[in-house]
Amino acid sequence: MKNLLKSWDSIAGTWGDKSIILFLDYDGTLAPIAQSPAQAILSHENKELIERLVKTLLFQVVIISGRSLGDLKQMVGIKGPIYIGNHGWEIEGSSMHFESLIPVQVSSMMNRIKYELITQLSDIQGAFVEDKGVTVSVHYRSVARDKEPLVRRIFDYICMPYRRQNMVKVHAGKKVLELRPPVEWDKGKAALWLLRKQEILKGKGNVLPIYIGDDNTDEDAFAALKNKGITVFVGAPRFSAAQYCLAGPQEVTEFLRHIVDGAYEKL
């Protein structure tokens, strides 16, 4: 993958008068990965840059995350962007509101699994279960390294009966294991859904999506947007469906500076 900043001049020249829909992941992209989700704080500079992009009206800014919608909005604290929480299950902003309709029996099952995980993991220091409404996550970033396999074994033991019956889907991230309802919906499908809505307003071919993310869950979006826009993986080089890369959140900030400067030059 080529570094996005090093390819900046050639990329920016291809945008023309297209409307840009900018998807920004939160943890590991806008904010550094932290020991706990509450410690992943958006920097003052990134917040200011996003606010400036929103004000130009040349960009549709989308903050996308595995966090719950309420948590994501609280952490970012900016009016104007579209917020996508729970890997696409919750979408809010610009006079739109999308919320998945999960059957009651599925919600009840997720609650049962959640409480069983809480009970079984309670003796492992550093492990905690996060109820995000639609999904359930087990975090183990603060768990001692020699206890990490135990967390994964407990998780697999509890979830396997439900997985065998296709009652839940399991996704692994950076020191997190996540349970989702057994419905084919992810960040990629949410990004395409939003892109199509923008194309209805602006005209097909007039909207350029840019998606920046760092986690395995962002790979769904990289694949979905292939040949449709610009996809950027954040982090150390690895195999990814993304076209470009940025070394870390610090380079994401640098990229945001570039596009803010470019946007204000057009005003």
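The values are calculated or read from the model by the stated rules, or taken from the named source; none is laboratory data. This structure is a prediction, so every number in the text was calculated from the model and none was measured. Cβ placement follows ideal geometry from the backbone for every residue including glycine, while neighbour counts extend to all protein chains displayed. These accessible areas exclude ligands, DNA and RNA; they are computed on the full protein's heavy atoms, side chains included. Shrake-Rupley method; radii C 1.70, N 1.55, O 1.52, S 1.80 Å.
So the values come out like this:
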{"quantity": "Where Lys187, Lys169 fall by accessible area, highest first, once all protein chains stay in place (1.4 Å)", "calculated": "Lys169, Lys187"}
{"quantity": "Val252, Val54, reordered so the largest accessible area comes first (probe 1.4 Å)", "calculated": "Val54, Val252"}
{"quantity": "Mean ellipticity per residue at 222 nm, deg cm²/dmol - from DSSP H runs of n ≥ 4 across the chain, formula -39500 (n - 2.57)", "calculated": "-12000 deg cm²/dmol"}
{"quantity": "Stokes-Einstein diffusion coefficient of the chain, Kirkwood radius over Cα pairs, 37 °C, 0.692 mPa s, in µm²/s", "calculated": "170 µm²/s"}
{"quantity": "Ranking by accessible area, most exposed first, for Arg145, Arg152, Arg180 with a 1.4 Å probe", "calculated": "Arg145, Arg152, Arg180"}
{"quantity": "Amide N of segment 1-30 lying under 17 Å from the label point, which is placed 7 angstrom from the Cα of Thr56 along Cα→Cβ", "calculated": "5, 8-24"}
{"quantity": "For His97, solvent-accessible area (1.4 Å; no DNA, RNA or ligand), Å²", "calculated": "110 Å²"}
{"quantity": "At R0 = 25 Å, FRET efficiency that the Cβ-Cβ distance of Arg145 and Thr253 yields, to 0.05", "calculated": "0.25"}
{"quantity": "Given charges at Cβ of Lys, Arg, Asp, Glu: segment 42-137 dipole, positive-most of Val76, Ile118, Thr56", "calculated": "Thr56"}
{"quantity": "Heavy atoms of Val260 accessible to a 1.4 Å probe, total area in Å² rounded to 10", "calculated": "0 Å²"}
{"quantity": "Rounded to 10°, Cα long-axis angle of helix 44-56 versus longest principal axis of the chain", "calculated": "50 degrees"}
{"quantity": "Nonlocal amide H pairs with Gly248, under 5 Å, H built at 1.01 Å", "calculated": "Gly235"}
{"quantity": "FRET E, pair Gln120, His97, Förster distance 41 Å, beta-carbon r, rounded to 0.05", "calculated": "0.70"}
{"quantity": "Average Cα contact separation per residue, the chain, under 8 Å, 6 or more apart, as relative contact order %", "calculated": "23 percent"}
{"quantity": "Segment 25-48 versus segment 192-215: alpha-carbon centroid distance in Å", "calculated": "24 Å"}
{"quantity": "Helix axis angle, 249-266 relative to the chain longest principal axis, alpha carbon, degrees", "calculated": "30 degrees"}
{"quantity": "Measure of compaction for segment 142-229 (Cα Rg per 2.2 N^0.38 Å)", "calculated": "1.45"}
